[in-house]
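Read the structure below first, then the notes.
The values are calculated or read from the model by the stated rules, or taken from the named source; none is laboratory data. Owing to the predicted nature of the structure, the values given are computational and were not obtained by experimental measurement. Using ideal geometry, Cβ is built from the backbone for each residue, glycine included, and neighbour counts are taken over all protein chains shown.
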Amino acid sequence: MYEVELKVRADHDRVRERLAALEATDAGGVRQVDTYYDAPHRDFASTDEALRLRRETTVDGTSEVDIGAAGDETTKLTYKGPLVEAESKTRREHETAVNDDAATEGILDGLGFEPAATVEKHRRFFEYDGYTVTLDDVDGLGAFVEVETEVETDVETAREGAAAVLADLGLDADEQIRTSYLGLLLADEDA
């Protein structure tokens with residue numbers, strides 16, 4: 001499975017107005033706390049991979065698209081492979097639900113994986129034209145908009161569709177940021 005994503009910095013008020021005019025479906029909001037891990041056997045920064053434990057709390061859901069009731073908590077473990085093209089943030093991604101956070105942390109620790117950094121964000125999801133549009137407020141970084149979808153193949157068509165959605169929102173795909181939030185935060189720390 002490929003996650004095809006375009007991300008830009010954007011004013012959320014303007015984007016919300018466009019989403020309303022386009023009659024996009026509000027799918028609710030969440031707070032996410034992502035802990036990224038360093039591997040003992042290779043440098044994920046140089047291989048452009050990521051291993052993440054995401055704790056997510058539903059802020060509110062809607063009746064149209066159910067992301068859970070307010071206060072629901074979920075945890076997922078995700079592996080993200082290296083970027084597969086220069087035109088977007090497309091990667092292979094494997095993700096699974098975790099039933100026991102502490103046990104998962106113990107497994108990772110036992111295998112030598114160490115927490116590297118934490119990214120906290122508030123997200124609001126909208127569904128539009130077969131894509132998920134996410135308004136992100138990332139602690140320490142600011143406001144972003146992501147347009148994404150998952151595909152088995154045909155990454156190019158999915159990317160072109162994501163660019164069209166950005167255009168519908170009054171945003172320019174040429175201004176996309178291919179660096180992850182983790183990478184942006186680490187770059188800010190180094191600056």
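Just the residues that are closer than 14 Å to Leu6 by Cα and either surrounded by fewer than 16 Cβ atoms within 10 Å (Cβ to Cβ) or acidic (Asp, Glu) (or both), please, taken from the range 152-169. Before the answer, list the steps.
Here is the first cut: in the range 152-169, the ones closer than 14 Å to Leu6 by Cα are 155-169.
Passing the criteria: Glu156, Thr157, Glu160, Ala164, Ala167, Asp168.
If we keep just the residues of the range 121-136 that are farther than 21 Å from Leu53 by Cβ and of a type outside the set (Phe, Trp, Tyr), which is surrounded by the fewest Cβ atoms within 10 Å (Cβ to Cβ)? Lay out the reasoning, then the answer.
First, pick out the residues of the range 121-136 that are farther than 21 Å from Leu53 by Cβ: 124, 126-133, 135.
So of that shortlist, the ones also of a type outside the set (Phe, Trp, Tyr) come out as 124, 127, 129-130, 132-133, 135.
On the way: Arg124: 20, Glu127: 15, Asp129: 14, Gly130: 10, Thr132: 19, Val133: 27, Leu135: 20.
It comes out as Gly130.
Of all residues in the range 149-162, which are outside any loop (DSSP other than H, G, I, E, B) and either farther than 20 Å from His12 by Cβ or modelled with pLDDT under 90 (or both)? Full working, then the answer.
We begin by selecting, within the range 149-162, every residue outside any loop (DSSP other than H, G, I, E, B); these are 149-151, 155-162.
Once the filter is applied, which keeps residues that are outside any loop (DSSP other than H, G, I, E, B) and either farther than 20 Å from His12 by Cβ or modelled with pLDDT under 90 (or both), the range 149-162 yields Thr149, Glu150, Val151, Val155, Glu156, Thr157, Ala158, Arg159, Glu160, Gly161.
What pairs come out if I take residues in the range 166-189 that are within 27 Å of Val33 (Cα to Cα) and pair them with residues that are aromatic (Phe, Trp, Tyr) and not in a loop (DSSP other than H, G, I, E, B) whose C-beta lies under 6 Å away, six or more apart or interchain?
Leu182/Tyr36
Return the residue satisfying two criteria in turn: it lies in the range 170-191 and is hydroxyl-bearing (Ser, Thr, Tyr) and buried (at least 18 other Cβ atoms within 10 Å of the Cβ), and of such residues it is farthest from Glu3 (Cα to Cα).
Going through the range 170-191, the residues hydroxyl-bearing (Ser, Thr, Tyr) turn out to be 179-181.
Subset that is buried (at least 18 other Cβ atoms within 10 Å of the Cβ): 180-181.
On the way: Ser180: 13, Tyr181: 16 Å.
Per the criteria, the residue is Tyr181.
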